[in-house]
Amino acid sequence: MPFDLPAMARRARNVRRKTITIRDIIPPQMLARDLASTAYAPIVAVWEDATPRIMDAYSLSLTQMTMDSPADVQREIEAAEGEASPLYLLLDARLRDWTLRVERWFRGKWRGAILSATGVDLGTLIGPEGVRASLETHLAWNADLVRDVSAQARQRISAAVFDGLRARTPAREVAAKIREATGLARDRSVRIASDQLTKLTSSLADERRREAGIADWEWKHSGKRHPRVDHKARDGKEYSDAKPPPEMPGQLPYCGCRQLAVLKFD
Ligand SMILES: [Zn+2]
């Protein structure tokens, strides 16, 4: 339920300042690491574990070069896919736990920041139901990305072995390509997890601010290396729901910028 925090703040304290900027809420990278390790790493591990079996089938195919030998390689790749399928149920449940945990974490930080800035305790006013739709969206997004990490790994591994069979590439070289494919999947998982943490927390920041009846906010640059020049230029600038920037902080890929809610009293 939306409420009017500026009016509540005015009642709680005799506010003399014209504006109050709510402090920055920085998502800890520990949450991103948890996402990568609990929901993404197991799917990469399926492909890593399958690598020796795929390579055995590959070596056999190379020496025999019979008509049906590529079928053995194909069968091992499909077997790995078959192991991934039932895993998604578990991973989706972990994604849900993680999403709820981030929501709880953010809500606690938001409550604390509002309390120290205004003296108003939002404790009983805000709950997870206020951001339910956003949680479901991010949950579905992550579930899709986990499957995509697996699909991309499979595609790279297939390309390595079938190209290898065609060109009679030594097994050692093909094994190195598969290791590269699973390594890329692992690296991508880490990047996705970090980006998803930013995306979820920036959505939460936006929704909590609007729910509290605050229309104004300040752009806070992430301080990341290799920043977007226009994002760095927006650091400290004020925006409002009526006058938004071309995109919201944290929305573009790997953008770590945030918004700070600004209460205005007239
Ligand atoms: Zn940015």
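The values are calculated or read from the model by the stated rules, or taken from the named source; none is laboratory data. Remember, it's a predicted structure, so these values are computed and weren't measured experimentally. Every residue, glycine among them, receives a Cβ derived from its backbone with ideal geometry; neighbour counts consider all protein chains shown. Note: areas computed on protein heavy atoms with side chains; ligands, DNA, RNA excluded. Shrake-Rupley method; radii C 1.70, N 1.55, O 1.52, S 1.80 Å.
Residues of region 29-212: accessible area per residue at 1.4 Å, in Å²?
Normalised by residue count, the accessible surface of region 29-212 is 47 Å².
What is the percent carbon and sulfur in the accessible area of region 29-212, measuring with a 1.4 Å probe over the protein chains and ignoring ligands? Intermediate results must be reported in sequence, preceding the final value.
Values: 4740 of 8650 Å².
The computed percentage sits at 55.
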Practice prompt. Between D24 and R172, take the C-beta separation as r, use R0 = 51 Å, and let me know the FRET efficiency to the nearest 0.05.
Written response: 0.50
Discussion item. Give the aspartates and glutamates whose C-alpha is closer than 14 Å to that of K243, dropping any in the same chain fewer than 8 places away, or say none.
Written reply: D216, E218
Fill in: Calculated from backbone phi, Karplus (6.51, -1.76, 1.60) coupling profile of region 100-110 in Hz, x at Gly/Pro
5, 5, 5, 4, 4, 4, 5, 4, x, 5, 5
Item to complete: Measure off 7 Å from each Cα along the Cα-to-Cβ vector at E180 and A79, then give the distance between these two points in nanometres to one decimal.
Response: 2.6
Fill in: Exceeding the 24 Å Cα-Cα cut-off - candidates K18/K224; K18/K232; K220/K264
K18/K224; K18/K232
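Need the full-extension length gain, T38 to L100, defined as separation in residues times 0.36 nm minus the C-alpha distance. One decimal, nm.
Working: separation 62, 0.36 × 62 = 22.32 nm, distance 1.43 nm.
Result for the pair: 20.9 nm of gain on full extension.
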Worksheet item: Which value in deg cm²/dmol, rounded to the nearest 500, describes the helix-derived mean residue ellipticity at 222 nm for the chain, given -39,500 (n - 2.57) per DSSP H run of n ≥ 4 and division by the residue count?
Response: -22500 deg cm²/dmol
Item to complete: Could you tell me how many degrees, from 0 to 90 and to the nearest 10, lie between the Cα long axis of helix 132-167 and the main elongation axis, the longest principal axis, of the Cα atoms of the chain?
Response: 20
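Rounded to the nearest 0.05, what FRET efficiency is calculated for Q152 and E247 with R0 set to 25 Å and r the Cβ-Cβ distance?
On the way: r = 26 Å, r/R0 = 1.04.
After rounding, the FRET efficiency stands at 0.45.
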Practice prompt. Given the options R228, R111, R179, state which has the largest fluctuation in a GNM of the chain using a 10 Å cut-off (strictly under) for Cα springs.
Written response: R228
Practice prompt. Provide the FRET efficiency to the nearest 0.05 for the D144-H226 pair, computing r from the beta carbons and using R0 = 25 Å.
Written response: 0.40
